[in-house]
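Shown next, in structure tokens, is the structure this report addresses.
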Amino acid sequence: MHRTICDFLLDIIQNSLEADSSTVIVHVQQDESRCEMTVADDGCGMDPGELKAAGNPFYTREGKHSHRKVGLGIPFLAQTASMTDGIFDIQSKKDFGTSVRWVLPLDHMDTPPLGDLSGTFLSALTYPGEFELTILRSASSKGRQESYELQRSELAEALGDLESSGSLALLRKYITSQEQELHKLLNG
Amino acid sequence: MAKMTLQELRALREQKRKEMKKRDLSDKTMQVVIGMGTCGIAAGAKDTLNAFIQELEEQQVSDVIVTQTGCMGLCYVEPTIEVIVPGMPNIIYGKVDPEVAKNIVRDHLMNKKMVSDHIFDRPAADIIDQGRK
């Protein structure tokens, strides 16, 4: 089981990237009591049979791991949502893409901590491959809202590359500086 | 730290490029590949990635390629990483927590000395087979 909500997020984004998506859009919205995350891609999608099987921990897509019979990403998340009276929803259409949405109450005793969002975004944005990733992050508290947007192509252009240790260090600073504003809002 | 703009990020990159002492570590590029499958993530591979970036920055090394891949098939020793240094065998390290990551940067990348306690050879056989298909 994953230790933080962010680990689920990274896992689900990775599913999208491994499904040959060219565009992935991630929403992360948070207020004092709940967090809502959506990962939508235009990857290979699943037919109704595959979609049903994705919830089974003893199913994994053929070819993803030959000789292996487990796929734990989605079952972990679905279990966490049901344990915490949260919401888990997955929609998919073969050859069109998949959208996963979940809402977790932050005050339920079985909800894992939110975890390191900056590190999660850094990892997702620098995952190798040709794809566009847009991250929309917002937080609201006491009637005020703060948000920021990260776009992979824009960051790649600004940094020159997304794989050298120098670029990664700068990107980490950049994302952390965005996240700090939201942190201030949420923690007064 | 104030919220940075993209312009500031661009400017910072130019500045770093000039400042950064080009360490003559080798004529070819070194690479660190971090396994980020469900197993890697659950074992803390995100913190490992972070530790590599941080330590490389501290050591002022800006030209190591740090990338990620899915499960390497060694789920029992996650987080696993592969280190590719020209002139040295490619090594798979297992149980790489942030502390081990720092040692790998200092010993393996900078001093060409392997961190022997954490060597786990190469990807599991079924993963290698899959690559050959």
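Mind counting lysine pairs for me in the range A:5-186? Cα separation below 30 Å, and the two need to be 8 or more apart along the chain or on different chains. Close lysine pairs found across the range A:5-186: 11. Can you compute the modelled spin-label distance between B:Asp63 and A:Ser141, with each label point 7 Å from Cα toward Cβ, in nm? Using points 7 Å along Cα→Cβ, the separation is 4.4 nm. Take the Cβ atoms of A:Ser33 and B:Lys112, set R0 to 56 Å, and the FRET efficiency comes out at 0.60. The figure for A:Cys6 is an accessible area of roughly 0 square angstrom, using a 1.4 Å probe on the protein chains alone.
At an R0 of 41 angstrom, the distance between the Cβ atoms of A:Asp110 and B:Lys3 translates into a FRET efficiency of 0.75. Each of A:Arg3 and A:Thr23 was given a label point 7 Å from its Cα along the Cα-to-Cβ line. The distance between the two points is 3.7 nm. In the context of the full protein assembly, A:His27 retains an accessible surface of approximately 70 Å², using a probe radius of 1.4 Å and ignoring ligands and nucleic acids. When A:Asp41, A:Asp161 are compared by accessible surface with a 1.4 Å probe, the order from highest to lowest is A:Asp161, A:Asp41.
B:Thr69 sits with roughly 50 Å² accessible to a 1.4 Å probe, with DNA, RNA and ligands left out of the calculation. For chain A, the relative contact order comes to 25 percent (Cα pairs under 8 Å, sequence separation of at least 6).
Contact order for the range B:28-132, expressed relative to its length and based on alpha carbon pairs under 8 Å spaced 6+ residues apart, stands at 31 percent. Ordered by solvent-accessible area of protein heavy atoms (1.4 Å probe), largest first, the residues A:Ser33, A:Ser21 come out as A:Ser33, A:Ser21. Averaged over its residues, the protein assembly as shown has an accessible area of 47 Å² per residue, based on protein heavy atoms and a 1.4 Å probe. Here the dipole of the range A:5-186 is about 320 debye; that uses its Cα centre as origin and unit charges on the Cβ of Lys and Arg (positive) and Asp and Glu (negative). Each residue, B:Ala11 and A:Glu157, gets one label point 7 Å from its Cα in the Cβ direction; the gap between the two is 2.0 nm.
The slack between A:Glu50 and A:Tyr148, meaning 0.36 nm per residue of separation minus the straight C-alpha distance, is 31.8 nm.
The values are calculated or read from the model by the stated rules, or taken from the named source; none is laboratory data. Quick caveat, the model's predicted, so the values are computed rather than measured. Here Cβ is always computed from backbone atoms with ideal geometry, including for glycine, and neighbour counts include all displayed protein chains. These accessible areas exclude ligands, DNA and RNA; they are computed on the full protein's heavy atoms, side chains included. Shrake-Rupley method; radii C 1.70, N 1.55, O 1.52, S 1.80 Å.
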